[in-house]
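See structure below.
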Amino acid sequence: MAKRIGFDSERYLEEQSAAILERVGKFDGALYLEFGGKLIYDYHAARVLPGFDPNVKMRLLQKLKDKADIILCIYAGDIERKKVRADFGITYDADAMKLIDDIREWGLEVRAVVVTRYDNQPSAKLFKTKLERRGVKVYTHAATKGYPTDVDLIVSKDGYGANAYIETHNPLVVVTGPGPGSGKLATCLSQLYHDYMKGKRSGYAKFETFPIWNLPLKHPVNVAYESATADIRDYNEIDPFHLEAYGKTAVNYNRDVAAFPLLKRILEKITGAESIYKSPTDMGVNRAGFGIIDDEALRLAAKQEVIRRYFRYSCEYVVGLVDKETVQRAELIMKGLDMKPEDRPVVG
């Protein structure tokens, strides 16, 4: 049976590139765009959005290549403890090396790699040396002093100012990394601080595919995101700041919502002006919802992804990769979906 298509990647590509360029135009300096999720081989998106090109983000960057620089971040602690990317079974440092090669194959270049929360960890030092011998510019940023409580220290010469400044040349700077917690946000804000110290009025925005802000909270596509992140305990919620500011519902996730008040204070401290963003949803430029052409096809595909995630976590628990709570959370998410009896697996 032919796979039922529910997503138009070409429409999405046009919508997404236009939204990013519109945001770039709001700032006199550079726009530091935090790129969440997988830059290439985004098979989760391809599974829950049938028709989604798993490499559409790279096509997006190709479309914007004359206007964009790329910065790659990796957390020193992930290198040190040899954290493994579950979908490919390779360590994050190996994934970073692979990502640089893949980006080059797409005709693009990584402007710099930033090893974040660096404290002379032996494995991180070796990783830095390997990259430099391959001709890659590498910067190291230590943990930000004062973070997260002391905003005056964070936004000072001893906070973000202590980080080396990364020279970029284009109005769009894409800041990405091999996984969550890689230091993308801190790198964006550090750059923003340095730009303002130089009199350059730059800006920040965030690009993540999931959750899709203009789909319902309990839409299976958004529920599938919760299932995919059960191991890091992410969950979706209505953005309360967006609701208060505009009287409209928008879906975001717990970490972005929780971080927004602090992030808003930091941005206002850096810029010396009221933030243009009234909600974490405002910060995003995601247009995935506008690529949907068959909602029912997405619902069917997303439900199957939730089932798949439950069984994957169950297998990973047996070999010690995840804890029991992750499996239990994935099971609860699966049981909470409105599925026909024939769609439900036997659990218990």
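The values are calculated or read from the model by the stated rules, or taken from the named source; none is laboratory data. Since the structure is predicted, the reported quantities are computational estimates derived from the model, not experimental observations. Every residue, glycine as well, gets a Cβ built from its backbone with ideal geometry; the counts of neighbours run over all protein chains shown.
Among the numbered conditions (1) surrounded by fewer than 21 Cβ atoms within 10 Å (Cβ to Cβ); (2) part of a loop (DSSP other than H, G, I, E, B), tell me where D152 comes up short.
Evaluating D152 over (1) surrounded by fewer than 21 Cβ atoms within 10 Å (Cβ to Cβ); (2) part of a loop (DSSP other than H, G, I, E, B) leaves (2) as the failure.
Can we say E296 is exposed (fewer than 14 other Cβ atoms within 10 Å of the Cβ) and either out of contact with any Gly (no Cβ under 8 Å at 6 or more places or on another chain) or not in a strand (DSSP E or B) (or both)?
Values: exposed (fewer than 14 other Cβ atoms within 10 Å of the Cβ): yes; either out of contact with any Gly (no Cβ under 8 Å at 6 or more places or on another chain) or not in a strand (DSSP E or B) (or both): yes.
Yes.
Could you figure out which of (1) modelled with pLDDT of 95 or more; (2) over 24 Å from R309 (Cβ atoms); (3) in contact with a strand residue (DSSP E or B) (Cβ under 9 Å, 6 or more places away or on another chain) isn't true of E22?
Of everything listed in (1) modelled with pLDDT of 95 or more; (2) over 24 Å from R309 (Cβ atoms); (3) in contact with a strand residue (DSSP E or B) (Cβ under 9 Å, 6 or more places away or on another chain), E22 misses just condition (3).
Which is of a type in the set (G, A, S) and more than 20 Å from the chain's Cα centre (by Cα), of G203, G177, G183, G135?
Selected residue: G135, the only one of G203, G177, G183, G135 that is of a type in the set (G, A, S) and more than 20 Å from the chain's Cα centre (by Cα).
Tell me the residue from E296, E268 that is over 20 Å from A30 (Cα atoms) and either out of contact with any helix residue (DSSP H, G or I) (no Cβ under 6 Å at 6 or more places or on another chain) or without any contact (Cβ under 8 Å) to a residue 24 or more places away in the chain (or both), please.
Working: E268 fails: over 20 Å from A30 (Cα atoms).
Going through E296, E268 in turn, just one is over 20 Å from A30 (Cα atoms) and either out of contact with any helix residue (DSSP H, G or I) (no Cβ under 6 Å at 6 or more places or on another chain) or without any contact (Cβ under 8 Å) to a residue 24 or more places away in the chain (or both): E296.
Residue by residue through segment 107-124, note down the ones that are in contact with a helix residue (DSSP H, G or I) (Cβ under 9 Å, 6 or more places away or on another chain) and buried (at least 16 other Cβ atoms within 10 Å of the Cβ).
L108, V110, V113, V114, V115, T116, R117, Y118, Q121, S123, A124
Restricted to segment 299-322, and to residues that are in contact (Cβ under 8 Å) with a residue 24 or more places away in the chain and not in a helix (DSSP H, G or I), which residue is surrounded by the fewest Cβ atoms within 10 Å (Cβ to Cβ)? Please lay out each step first, then the result.
Taking segment 299-322 first, the residues in contact (Cβ under 8 Å) with a residue 24 or more places away in the chain are 299-311, 313, 316, 321-322.
Narrowing the set further to residues that are not in a helix (DSSP H, G or I) leaves 321-322.
On the way: L321: 14, V322: 20.
The selected residue is L321.
Find the residue count for segment 154-186, including only residues that are out of contact with any Gly (no Cβ under 9 Å at 6 or more places or on another chain), among the hydroxyl-bearing types (S, T, Y) and within 21 Å of E268 (Cα to Cα).
Residues in segment 154-186 being out of contact with any Gly (no Cβ under 9 Å at 6 or more places or on another chain), among the hydroxyl-bearing types (S, T, Y) and within 21 Å of E268 (Cα to Cα): 2 in total.
For Y313, only one of the following conditions fails: (1) over 30 Å from D150 (Cα atoms); (2) out of contact with any Ser or Thr (no Cβ under 8 Å at 6 or more places or on another chain). What is its number?
(2)
Please determine, by comparing only the residues of segment 125-149 that are touching a residue at least 40 places away in the same chain (Cβ under 8 Å) and buried (at least 20 other Cβ atoms within 10 Å of the Cβ), which one is farthest from L192 (Cα to Cα).
Looking at residues that are touching a residue at least 40 places away in the same chain (Cβ under 8 Å) and buried (at least 20 other Cβ atoms within 10 Å of the Cβ), I get F127.
Quick check on my filter: what residues within segment 222-248 are out of contact with any Pro (no Cβ under 8 Å at 6 or more places or on another chain), of a type in the set (A, V, I, L, M) and assigned to a helix (DSSP H, G or I)?
V223, A224, A228, A230, L243, A245
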